[in-house]
Amino acid sequence: MTDFEETNMQEPEREEVNIESGVSSDTADFEPLEDILPAEKKPKKKRNFFVENGIIIFCVLAILFIFFVARLIRVDGTSMTDTLQDGDIVVLWQLNYQPEIGDIVVIGAGENVPERYIKRIVALEGDTLKIENDTVTVNGEMLNEPYIREADWGEESIEMTIP
């Protein structure tokens, strides 16, 4: 065996470590732990409540909006074709609504009417409505209805004052 092989086979020298200071007896190669570790922990950044809980806040606001401000209604039927198609979703506004001629409204789903109907307002309270010869007049003026394809009211004439 050569000298080279003998030196490689020898067990390496062990250095002694002082457990209390964390520094070995051979301090020429190592820095003390106090120099490496920070003296104090950095303070955590204050987090914004709304940023951290944004998804929860959004969901709560969406639920409140749906129950108290607007409601989503699915169109079931073809009576409003070409304006609304069967299966369309409409938003029903529930706050401070003042109906106007031409508005689309949802009627029903109460005690007297078991189903919901989606209809357009053609006259308001106190107006005189007359349907005759496929024309609709409100208070003596012909109603402009560009949203319908073709009027087919039949042969019957109707005249009434909206209660």
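The values are calculated or read from the model by the stated rules, or taken from the named source; none is laboratory data. Remember, it's a predicted structure, so these values are computed and weren't measured experimentally. Quick reminder, even Gly has a Cβ in these numbers, built from the backbone with ideal geometry, and neighbours come from all protein chains shown.
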**Fill in**
In segment 53-69, residues that are touching a residue at least 12 places away in the same chain (Cβ under 8 Å) and among the aliphatic types (A, V, I, L, M) total 1
**Asked** Within the bounds of segment 22-31, is there any residue that is modelled with pLDDT of 75 or more and part of a loop (DSSP other than H, G, I, E, B)?
**Response** no
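Conditions tested, residue by residue: (1) at pLDDT 80 or above; (2) loosely packed, with under 11 Cβ neighbours inside 10 Å; (3) not β-branched (Val, Ile, Thr).
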position: Val75; (1), (2), (3): yes, no, no
position: Thr78; (1), (2), (3): yes, yes, no
position: Thr81; (1), (2), (3): no, no, no
position: Leu95; (1), (2), (3): no, yes, yes
position: Ala109; (1), (2), (3): no, no, yes
position: Tyr117; (1), (2), (3): yes, no, yes
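Go over the candidates Asp103, Asp35 one by one and state the one that is modelled with pLDDT under 85, out of contact with any Leu (no Cβ under 7 Å at 6 or more places or on another chain) and among the acidic types (Asp, Glu).
Being modelled with pLDDT under 85, out of contact with any Leu (no Cβ under 7 Å at 6 or more places or on another chain) and among the acidic types (Asp, Glu) holds for just one of Asp103, Asp35, which is Asp35.
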